[in-house]
1. For the condition surrounded by 17 or more Cβ atoms within 10 Å (Cβ to Cβ) and on the phi > 0 side of the Ramachandran plot, what is the one hit in 187, 170, 256?
2. Confirm whether residue 240 is surrounded by 14 or more Cβ atoms within 10 Å (Cβ to Cβ), under 15 Å from residue 192 (Cα atoms), within 24 Å of the chain's Cα centre (by Cα) and of a type in the set (S, T, N, Q).
3. Which one of these does residue 23 not meet: (1) touching a residue at least 40 places away in the same chain (Cβ under 8 Å); (2) surrounded by fewer than 17 Cβ atoms within 10 Å (Cβ to Cβ); (3) in a helix (DSSP H, G or I)?
4. Just a yes or no: is a residue in the range 193-207 among the hydroxyl-bearing types (Ser, Thr, Tyr) and modelled with pLDDT under 95?
5. I need every pair where a residue in the range 44-67 that is in contact (Cβ under 8 Å) with a residue 12 or more places away in the chain has its Cβ under 8 Å from the Cβ of a residue that is among the aromatic types (Phe, Trp, Tyr) and surrounded by 15 or more Cβ atoms within 10 Å (Cβ to Cβ), sequence separation at least 6 or different chains.
6. Restricted to the range 180-213, and to residues that are polar (S, T, N, Q) and in contact with a Phe, Trp or Tyr (Cβ under 8 Å, 6 or more places away or on another chain), which residue is nearest to residue 118 (Cα to Cα)?
7. Could you please find all residues in the range 1-33 being charged (D, E, K, R) and closer than 18 Å to residue 97 by Cβ?
Amino acid sequence: MPIQKVGVLGCGLMGSGIAQVAAMAGYPTVVKEVSEEFLRKGMTGIDKSLAKFAEKQTITPEKRTETLERLKGTTKFEDLADCDIVIEAITENLQVKRETFAAIDKIVKPGAIFASNTSSLVITEMITATRRADRFIGMHFFNPVPLMKLVEVVATVMTAPAVMDEAMKFAVSLGKVPIRTTDRSGFIVNRLLVPYLLDAIRALEEGAGNVEDIDKGMKLGCGYPMGPFTLLDFVGLETTLYIANIMFEEFREKRFAPPPLLKRLVAAGHHGKKTGRGFYDYSDPANPKALF
């Protein structure tokens, strides 16, 4: 079944980005939030994002207007009933996701595809809450969604090949570059990225170098756009810890085990750029100071 109408669960940072790119690509898009307050905040964010694109002449004022006209915000699951694909981008909590998918499975038409934007949870553990195992996939977008090109499309052992093909085509229609991956925690990107970030912390703990020198080493030696500690602070230390714990639970390998320093910083409320303090101090945002 060709995808003609898109539903998005959640209008936070990721959900609003997914809804925005779907509407920009020409799809009528319904985005559902738990409250009018969260919905207004998310829709305002989309409007501001589109305004920036228009200011930079990336899109025309007409396209901005058309995109907003294709978007519908709601707090009711029933408004997702006739969507051809529903992409979940709510809190990274397996039980909450299962409950949400169970609720919409009774409402959304049987032929629709369900997708989760999870970055670390196992898709198969969500599928069992529904009656459409063959039409359930992962679609992991990257932040910020309107700018980042990659989408990991995740197949489970039960996903129908035709559904994967349709999801790949859909991702391309959004202007994204999709890659196929299997249902293992972390998929491709986080499976490789998280151990690298954790190992950078271990190198710091073991005295291999300070924060600035390790960051400079990976930028200038490997050509990375930013060093591991700058990236950790940008992603959020609590987010990295959460993902690492999920992946360690899945694989039981040391490379996924969170280092003590990461645990201590999160426990202290130092989550990175968002809290003003992580591996760097952001008191002067234009000139962050390394703390280790």
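The values are calculated or read from the model by the stated rules, or taken from the named source; none is laboratory data. Note that this is a predicted model, so its numbers are computed, not measured. Here the Cβ is made from the backbone with ideal geometry for all residues, glycine too, and neighbour counts use every protein chain on show.
1. It is 187.
2. Spelling it out, residue 240 is indeed surrounded by 14 or more Cβ atoms within 10 Å (Cβ to Cβ), under 15 Å from residue 192 (Cα atoms), within 24 Å of the chain's Cα centre (by Cα) and of a type in the set (S, T, N, Q).
3. Going through (1) touching a residue at least 40 places away in the same chain (Cβ under 8 Å); (2) surrounded by fewer than 17 Cβ atoms within 10 Å (Cβ to Cβ); (3) in a helix (DSSP H, G or I) one by one, residue 23 breaks only (2).
4. no
5. The qualifying pairs are 59/53; 64/53.
6. Checked the range 180-213; the qualifying residue nearest to residue 118 (Cα to Cα) is 185.
7. Once the filter is applied, which keeps residues that are charged (D, E, K, R) and closer than 18 Å to residue 97 by Cβ, the range 1-33 yields 32, 33.
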